[in-house]
Amino acid sequence: MSTFPTTAGGLQSTGKSLYHSMELEIERHYAGGLFFNANYTLGRIRFLTDRPIDPIGNSALDRGMPPNSITSVFHFNGIADLPFGPGKRFWRNLSGAGAKIVGGWQIAGLMHLQSGQPFTVTAPAADTGTGSSENRAHRIADGRLPSDRPKNEKLNRYFDTTAFRRPVRGEIGSSGVGVLVGPGLWATDVTLMKNTAIPERWNIQFRAEFFNIFNHANFANPNADVTSSAFGRIGNVSGFPRQIQFGARLQF
């Protein structure tokens, strides 16, 4: 008599998300030496994590805002011909070498602004006793602090660290997912271009590109590990400092 192993399987749906947004856009098609596009998105993602800390307990604590739930995003880009040289407002009748030097200039810009990313205050996973791969801190107060504080104060204590504590062993933290939001971000890039036509339909373009032209520091989310000595502090930047590069391109 032959025997065969018996197997059983199961399927459970735990993770899900819901996204709501409003989008606005305005654009001017290139005409008269000017083009621009500006758009704004107001949105929010609510999700139920697919890695619940307490699968048979309070699932409401596993519902919140994920890191990619950015409430506000504004984006602008444009390009404009500078009003110098033949056919332009200034020195329109210039010719010869002077026209080659003065004409053909353009400036382009890009600006990006967004609100911060939600983050979760965590605690050691081993404390839960449930075998979960993660745990959250206990939340005993709101945790948010005024946003108009001095920058150094926010870097050293971005949120109220006394509003959270480590759960005792065998305890599941009461803080939800994405209950706090990190610093926002903004950056501006500018490009200055010079197009010079040469015989036989060739064009030489020189470019000066300025990334993060205002050298604005964008900061990452703070340390959110309730057991860390750096709890609540911001120790990293997001993005890069101002960069300048020059280039040339031959078009034919």
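Please treat every number below as a calculation from the coordinates, not as lab data. Computed from a prediction, not measured in an experiment: that's the story for all the values here. Note: ideal-geometry Cβ built from the backbone for every residue, glycine included; neighbour counts use all protein chains shown.
Between Lys151 and Arg92, 0.36 nm times their residue separation minus their Cα-Cα distance comes to what?
Numbers: separation 59, 0.36 × 59 = 21.24 nm, distance 4.89 nm.
Gain in length upon complete extension: 16.3 nm.
Sort out the exposed loop GluC sites (Glu not before Pro) in the chain (DSSP loop, at most 15 other Cβ within 10 Å) and tell me the longest stretch that has none. Display every interim value, and only then the final one.
On the way: sites that count: Glu134, Glu171, Glu200.
Within the chain, the longest run free of exposed GluC sites (Glu not before Pro) spans 1-133.
By DSSP, what percent of the beta bridges with both residues in region 16-251 are antiparallel, rounded to the nearest 5? If you can, show how the numbers build up before the last one.
Values: 69 of 71 bridges.
So the antiparallel bridges amount to about 95 percent of the total.
Label-to-label distance, Ile101 versus Val168, with points set 7 angstrom from Cα along the beta-carbon direction: 8.2 nm.
Convex hull over the Cα atoms of the chain, averaged projected area in nm²? Walk me through the numbers before you get to the answer.
Details: hull surface 99.6 nm².
The number I arrive at for the chain is 24.9 nm².
Going from the residue with the fewest nearby Cβ atoms within 10 Å to the one with the most, Thr191, Thr120 rank Thr191, Thr120. Under 10 Å, Cα contacts only: if you run a Gaussian network model on the chain, which one of Pro167, Pro83, Pro66 comes out with the highest mean-square fluctuation? Ranking Pro167, Pro83, Pro66 by mean-square fluctuation puts Pro83 first.
For region 74-105, which trypsin sites (Lys or Arg not before Pro) are in a loop by DSSP, counting at most 10 other Cβ atoms within 10 Å?
On the way: sites: Lys88, Arg89, Arg92, Lys100; in loops: Lys88, Arg89, Arg92.
Counting only loop positions with at most 10 other Cβ atoms within 10 Å, the trypsin sites (Lys or Arg not before Pro) in region 74-105 are Arg89.
Dipole size of region 16-251 about its Cα centre, with +1 on Lys/Arg Cβ and -1 on Asp/Glu Cβ: approximately 620 debye, rounded to the nearest 20.
Under the simplified labelling scheme, the Phe76-Leu34 pair shows an inter-label distance of 1.3 nm, with each label point 7 Å from Cα along Cα→Cβ.
Could you work out the relative contact order of the chain, using alpha carbon pairs under 8 angstrom and six or more residues apart, expressed as a whole percent?
Working: 576 pairs, mean separation 40.4, N = 252.
After rounding, I find 16 percent.
Rg/Rh for region 135-249 stands at 1.29; both radii use Cα atoms, and Rh follows the Kirkwood definition. Comparing Leu24, Ala208, Phe164 along the charge dipole axis of the chain, the residue lying farthest to the positive side is Ala208, per the Cβ-charge model.
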